[in-house]
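Participant: Shown below is the structure under consideration.
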Amino acid sequence: MYVIKVKGVAKIPDYVQLRDEAFTLLAYFRVDRPDKSLEKIGLGDKTDYIMQIVAEMPFGQIKKIDV
């Protein structure tokens, strides 16, 4: 799975994209509200792990993670 952190501009907040190995979009959520999106795709128990990675990532980079 790939994580992409996108910097918002003006009134658009910062977002996170989760993509699979084929780079298909699995989830797209605000950095400050990951819960519902991660629950919906079955990763609710991995929220802390994913958000820790997101917090350490710079904007605009893609990171491959194993979940």
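The values are calculated or read from the model by the stated rules, or taken from the named source; none is laboratory data. All of these numbers come straight from a predicted model, not from anything done at the bench. Accessible surface is based on the protein model in full, side chains and every heavy atom, while ligands, DNA and RNA are left aside. Shrake-Rupley method; radii C 1.70, N 1.55, O 1.52, S 1.80 Å.
Participant: Summing -39500 (n - 2.57) over the DSSP H runs of n ≥ 4 in the chain and dividing by its residue number, what mean residue ellipticity at 222 nm do you reach, to the nearest 500 deg cm²/dmol?
Facilitator: -6500 deg cm²/dmol
Participant: Report the relative contact order of the chain, percent, no decimals, based on alpha-carbon pairs under 8 angstrom and at least 6 residues apart. Write down the numbers at each step before the final one.
Facilitator: Working: 102 pairs, mean separation 25.5, N = 67.
It rounds to 38 percent for the chain.
Participant: Another question, if that's okay. Where does the chain land on the Kirkwood hydrodynamic radius, alpha-carbon pairs, in angstrom?
Facilitator: Result for the chain stands at 11.9 Å.
Participant: Under 5 Å between amide H atoms, partner at least 5 residues away or on a different chain: which partners does Ala27 have, H built in plane at 1.01 Å?
Facilitator: For Ala27, the qualifying residues are Leu18.
Participant: Okay, next question. Cα-based count: Lys pairs in the chain below 20 Å, eight or more positions apart or different chains?
Facilitator: Count of close lysine pairs: 10.
Participant: Quick one: what are the phi-derived ³J(HN,Hα) couplings along region 35-45, Karplus 6.51/-1.76/1.60 with θ = phi - 60°, whole Hz, x for glycine and proline?
Facilitator: 4, 4, 5, 6, 4, 4, 9, x, 10, x, 6
Participant: What do you reckon, how do Val31, Val54 stack up by accessible area (1.4 Å probe), largest on top?
Facilitator: Descending accessible area places them as Val31, Val54.
Participant: Let me ask you something else. Hey, any idea what % of the chain's accessible area is carbon plus sulfur with a 1.4 Å probe? Display every interim value, and only then the final one.
Facilitator: Values: 2300 of 4520 Å².
About 51 percent, which is the carbon plus sulfur part of the accessible surface.
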